[in-house]
Amino acid sequence: EADVPELWEAPNSPNDWFGVVRNQLFSLLLIQTFRPDRILAAAHLFVITCFGPNFMESARGHLDLMSIVEHEIRANMPILLCAAQGFDPSGRVEDLANEYNKQLTSIAIGSAEGFSQADKAINSAAKNGKWVMLKNVHLASGWLIQL
């Protein structure tokens, strides 16, 4: 039952992609409100609806950070890596910084001291072309807004 968040699906025109996504989003919000135990299955359906059935499989593959940094990222653009619980991608970022001969400052967010260190490191990095890796930013969503 956890894999089937809903049994009824509103009919849509096959050409109405926006309507399909909108309905799936509303469904996701309702499930989060009334049946939070089914939110993971509903979120999976939402991703499949928005990005196609092969998206989840391609996302599980090896992420080529070097290619992304070389071809898709500008110097003034931050990169956000969201990792599954129990997986820490910081080693890959450290390896990439070494490949590019970039100085990397790693800061764990979560304390008042971490916030001030992060502010100083980001300001310094912006001036000097260094990299900053902020860990555990999920603990500081309010701080991220003002960042």
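Restricting to region 49-63, count the residues that are modelled with pLDDT of 75 or more and assigned to a loop (DSSP other than H, G, I, E, B).
Residues flagged as modelled with pLDDT of 75 or more and assigned to a loop (DSSP other than H, G, I, E, B) within region 49-63 amount to 3.
Can you confirm whether region 87-94 contains a residue that is surrounded by 10 or more Cβ atoms within 10 Å (Cβ to Cβ) and modelled with pLDDT of 90 or more?
Yes; the residues of region 87-94 include at least one that is surrounded by 10 or more Cβ atoms within 10 Å (Cβ to Cβ) and modelled with pLDDT of 90 or more.
Residue under question is G110, and the condition is that it be farther than 30 Å from S27 by Cβ and not assigned by TED's automatic domain parsing to the domain that holds N23; does it hold?
Yes, satisfied.
Taking region 90-110 only, how many residues are more than 15 Å from I79 (Cβ to Cβ) and under 17 Å from the mean Cα position of the chain (by Cα)?
Counting residues in region 90-110 that are more than 15 Å from I79 (Cβ to Cβ) and under 17 Å from the mean Cα position of the chain (by Cα) gives 1.
Looking only at region 64-90, how many residues end up being closer than 26 Å to N123 by Cβ and assigned to a helix (DSSP H, G or I)?
Residues that pass the stated criteria total 5.
Out of all the residues in region 11-34, which are at pLDDT below 80 and either in a helix (DSSP H, G or I) or under 14 Å from V47 (Cα atoms) (or both)?
Selection gives W17 alone.
For region 116-142, give me each residue that is surrounded by fewer than 17 Cβ atoms within 10 Å (Cβ to Cβ), of a type outside the set (A, V, I, L, M) and part of a helix (DSSP H, G or I).
Residues satisfying the conditions are S116, D119, K120, N123, S124, K127, N128, H138, S141, G142.
Do the conditions hold for A118, that is, is it within 13 Å of W131 (Cα to Cα), free of Cβ contacts under 8 Å to residues at least 40 places away in the same chain and among the hydrophobic types (A, V, I, L, M, F, W, C)?
yes
Checking the condition within 18 Å of the chain's Cα centre (by Cα), buried (at least 17 other Cβ atoms within 10 Å of the Cβ) and either modelled with pLDDT of 85 or more or not assigned by TED's automatic domain parsing to the domain that holds S90 (or both), which residue from L45, L40 passes?
Only one candidate qualifies: L45.
From A108, A75, A83, A112, which residue is closer than 27 Å to M133 by Cα, touching a residue at least 40 places away in the same chain (Cβ under 8 Å) and either surrounded by 10 or more Cβ atoms within 10 Å (Cβ to Cβ) or out of contact with any strand residue (DSSP E or B) (no Cβ under 6 Å at 6 or more places or on another chain) (or both)?
Every option except A75 fails the conditions.
The values are calculated or read from the model by the stated rules, or taken from the named source; none is laboratory data. Please read all numbers here as calculations on a predicted model, not as lab measurements. Note that we place each Cβ from the backbone using ideal geometry, even for glycine, and neighbour counts take in every protein chain shown.
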